[in-house]
Amino acid sequence: MSRWADIIHFMTIQQVRDEEGFNVEKEVPGPPVFANKKSVRSSEFYQAAQNGVQLEVMFEVRTADYIEENRALMHNDKHYTVERTYEKTDIIELVCKRFDGAVI
């Protein structure tokens, strides 16, 4: 049974002013979204590792809460990128890796 006890924030790009007063784009957390945090399936974890990708976590969210452009998210102050999605009726699985600092 899904508990929807975890909170994630999809990252969004906003225009903000820097210290010098210039407009710059900054990635900021969006509104909270309820999710189920799950482990990555072992077969998928090992297959990704063979290709140099270190999958860390999977989140289930309601399909209505996910927009295809949302390729980054925050959970407990950790930044993740979405590597793969799998839609199951009204729920979508987001398989994620830890954000490595490269441009998304």
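The values are calculated or read from the model by the stated rules, or taken from the named source; none is laboratory data. Bear in mind the structure is a predicted one, so any value in this text is a computation, not a measurement. All Cβ positions, glycine included, derive from the backbone under ideal geometry; neighbour counts span all protein chains shown. Protein only, heavy atoms only, side chains kept; ligands, DNA and RNA dropped before computing areas. Shrake-Rupley method; radii C 1.70, N 1.55, O 1.52, S 1.80 Å.
Ordering E56, E69 from largest to smallest accessible area (1.4 angstrom probe), what's the sequence? The partial results should precede the final answer.
On the way: E56 85, E69 140 Å².
Sorted descending by solvent-accessible area, the residues read E69, E56.
Give the share of C-alpha pairs in each 5 angstrom bin for the chain, from 0 to the last occupied bin, in whole percents, shortest bins first.
Binned Cα distances yield the sequence 2, 12, 22, 22, 18, 11, 6, 4, 2, 1, 0.
To the nearest 20 debye, what is the magnitude of the charge dipole of the chain about its Cα centre, counting +1 on the Cβ of each Lys and Arg and -1 on the Cβ of each Asp and Glu? Display every interim value, and only then the final one.
Details: 13 positive and 18 negative charges, 95 e Å.
Here the size comes out at about 460 debye.
With a cut-off of 11 Å, note down the residues of region 58-78 whose backbone N falls inside the zone around a label point 7 Å from the Cα of F34 toward its beta carbon.
62
Between the DSSP loop rule and a limit of at most 10 other Cβ atoms within 10 Å, which chymotrypsin sites (Phe, Trp or Tyr not before Pro) in the chain are left? If you can, show how the numbers build up before the last one.
Numbers: sites: W4, F10, F22, F34, F45, Y46, F59, Y66, Y80, Y86, F99; in loops: W4, F22, Y66, F99.
Those that pass, being in a loop and sparsely packed, are F22.
Before rounding to the nearest 500, sum -39500 (n - 2.57) across all DSSP H runs of length at least 4 in the chain and divide by the residue total; then give [θ] at 222 nm in deg cm²/dmol. The partial results should precede the final answer.
Details: 1 runs with 9 residues, N = 104.
Mean residue ellipticity at 222 nm (helix-derived): -2500 deg cm²/dmol.
Could you order R62, R17 so the one with the most accessible surface comes first? Probe is 1.4 Å.
From most accessible down to least: R17, R62.
Assign one of three labels to region 7-60, namely rounded, prolate or oblate, based on the Cα gyration tensor with a ≥ b ≥ c the square roots of its eigenvalues; rounded applies when a/c is under 1.5, prolate when it is not and a/b is larger than b/c, and oblate otherwise. Before the final figure, lay out each step's value.
Values: a/c = 5.99, a/b = 2.01, b/c = 2.98.
Judged from the Cα gyration tensor, region 7-60 comes out oblate (a/c at least 1.5, b/c at or above a/b).
At a Förster radius of 22 Å, what calculated FRET efficiency corresponds to the Cβ-Cβ distance of V53 and R3, to the nearest 0.05?
On the way: r = 28 Å, r/R0 = 1.28.
Approximately 0.20, to the nearest 0.05.
So what's the net charge close to K26: Lys and Arg +1, Asp and Glu -1, counting the other residues with Cβ under 13 Å from its Cβ?
Details: positive: R17; negative: D18, E19, E25, E27.
That works out to -3.
Mark the label point 7 Å from the Cα of Q14 along Cα→Cβ and return the residues of region 28-63 whose backbone N is within less than 11 Å of it.
It comes to 28-31, nothing else.
Averaged per residue, what accessible area in Å² does region 1-58 show with a 1.4 Å probe, protein chains only? Display every interim value, and only then the final one.
Numbers: 4370 Å² over 58 residues.
On a per-residue basis, 75 Å².
Would you mind telling me which residue in D77, D18, D90 has the biggest mean-square fluctuation in a Gaussian network model of the chain, where springs connect alpha carbons within a distance under 10 angstrom?
Of the options given, D18 has the highest mean-square fluctuation.
Excluding same-chain pairs closer than 8 in sequence, count the lysine pairs in the chain whose Cα atoms lie under 20 Å apart.
Working: K26/K78; K37/K78; K37/K88; K37/K97; K38/K78; K38/K88; K38/K97; K78/K97.
Close lysine pairs found across the chain: 8.
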